[in-house]
Amino acid sequence: MDRTRMSSARPVPLRRADIPAAAGPPRRASSTGAVLGAILDHGPVARSTIARLTGLSPASVTGHCGVLIGRGLIKEGPETAGPRGLGRPHVPVEIDTARYLLAGAHVAVTHTTLALMDLRGRLVSEERLPHTSTEPAEVLGRMAERLPRMLAAHGSGRTALALGVATGHWVDPAAGVVLHHPQLGWRDVPVREVLAKATGLPVHVDSHSRALARAEQLVGVASTRASAVVLFVGNVVDAAFVSSGTVHQGPRFGAGNVAHLPVGTGDGSTTCVCRVTGCLQSEVSEPAMLHRAARQGLRVATFPELLRRAVEGEAAVVSLFRRRARFVGRAAAVLLDMFDPEVLVVVEPGAGRLAPCLAELRAVAAERSLVCDDAERSVVPSSFTGRVLATAGPAVALGALHDDPLGPWPALPAVS
Ligand SMILES: [Zn+2]
């Protein structure tokens, strides 16, 4: 596809006509999507309650529920008495998890995580495929080859509705293309096209930070419905922003590159790929952590090993994660003041699993941020700690389903 017009060297300002139609108006949940969302949140739930939650008329809710039942996405539960035994008995509706699954893949630098998720957002199974090469054909080919076997082994006879794919850096969800992932060496990789052909499934592609922001909105713990910042710290360091209820994409789908926020002091730190010291990425990424561990004489081969040793309480390793937490806290403070979100979600395993790291991160964020008056409330670890990568892929598909449950989902019965 023609990427030249999206080049940063464009000679004229971005004009209205330059923005692809798909990127134009922000995505808004359809009424059917709003009903499905209310059922995901509150099911089993009475139709009258859904009407109150969504602001739709009871007749309209009944219509949407009929369509969703027809598609096999929700089902009626057993009849219940009215509240406190008063009022008319009602038949509540809930998400039907018996028929369909969502498949997902997260492509990290060293491995791909394949996962299956049910329609309530619960992981059914996950599997790690280490990369023997990062060639797109190889990575995508293995994913497509492995998926049917995983479905057969763990799907309990359910049908996959779609495949969601998430990865770091710069992803164009409208085209289904990974535009640029420097660490994988990927440029303009047509992931949707390749995987749709190889798997026969509808394929949705997005950045892992946007995918995790959507997952927090749909099935997360913290309040992220109206606004949120998701800060992802792994091999890749990037972010996603929720504003007015929508995960922000930007006309070039490039929002969220926070890797070069100048948070470091520069002394003794590694030089970033951008040739200065003290960038967020060069202080806190997984390679930076391994580099620092080696400089301190710690013998450690991989990041998962480093994390395991921190969780086991090895003092020198814990202090590395506490240092990381302080630098992430500095970035969190900048992002909190820039966006003033309901919450800032930190996707970082130290903050997710080690209480002193989260405390340290919150303390630095509170000390440096102007708007953060209660860091316990406004800075939270990922709802998916320990299963972040497994969640990211299928969350892309779950988000697409909720955006448009009446859309082209070939596995679902047609909408009459
Ligand atoms: Zn940099």
- Task: Evaluate the charge dipole of the stretch 154-227 about its Cα centre and quote only its size in Debye, nearest 20, assuming +1 on the Cβ of each Lys and Arg and -1 on the Cβ of each Asp and Glu.
- Result: 160 debye
- Rounding to the nearest 20 debye, state how big the charge dipole of the chain is about its Cα centre with +1 on each Lys and Arg Cβ and -1 on each Asp and Glu Cβ. 220 debye
- Query: For a paramagnetic label modelled at 7 Å from the Cα of MET338 toward its Cβ, which residues of the stretch 208-224 fall within the zone defined by backbone nitrogen distances under 18 Å?
  - Reply: 208-214
- Alpha-carbon centroid distance for the pair the stretch 344-403 / the stretch 40-81, whole angstrom: 31 Å
- Item | Total charge dipole magnitude, the stretch 31-95, about the Cα centre, Cβ charges on Lys, Arg, Asp, Glu only, Debye to nearest 20 | 120 debye
- Message: Can you give me the distance in nm between label points at HIS131 and HIS260, each placed 7 Å from the Cα along the Cα-to-Cβ direction?
- Response: 2.2 nm
- Added length on full extension, which subtracts the Cα-Cα distance from 0.36 nm per residue, THR62 to GLU193: 43.4 nm
- Item | Gap separating the Cα centres of the stretch 230-270 and the stretch 151-166, nearest whole Å | 31 Å
- Task: Compute the length gained on full extension between ARG387 and GLU145: take 0.36 nm times their separation in residues and subtract their Cα-Cα distance, giving the result in nm to one decimal.
- Result: 84.9 nm
- Whole Å is fine, so just give me how far the alpha carbon centre of the stretch 194-213 lies from that of the stretch 294-315. 33 Å
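Read the figures in this text as sums done on the coordinates, not as results from a lab. Quick caveat: nothing in here was measured; it's all calculated off a predicted structure. Neighbour counts run over all protein chains shown; Cβ positions are idealised from the backbone, glycine included.
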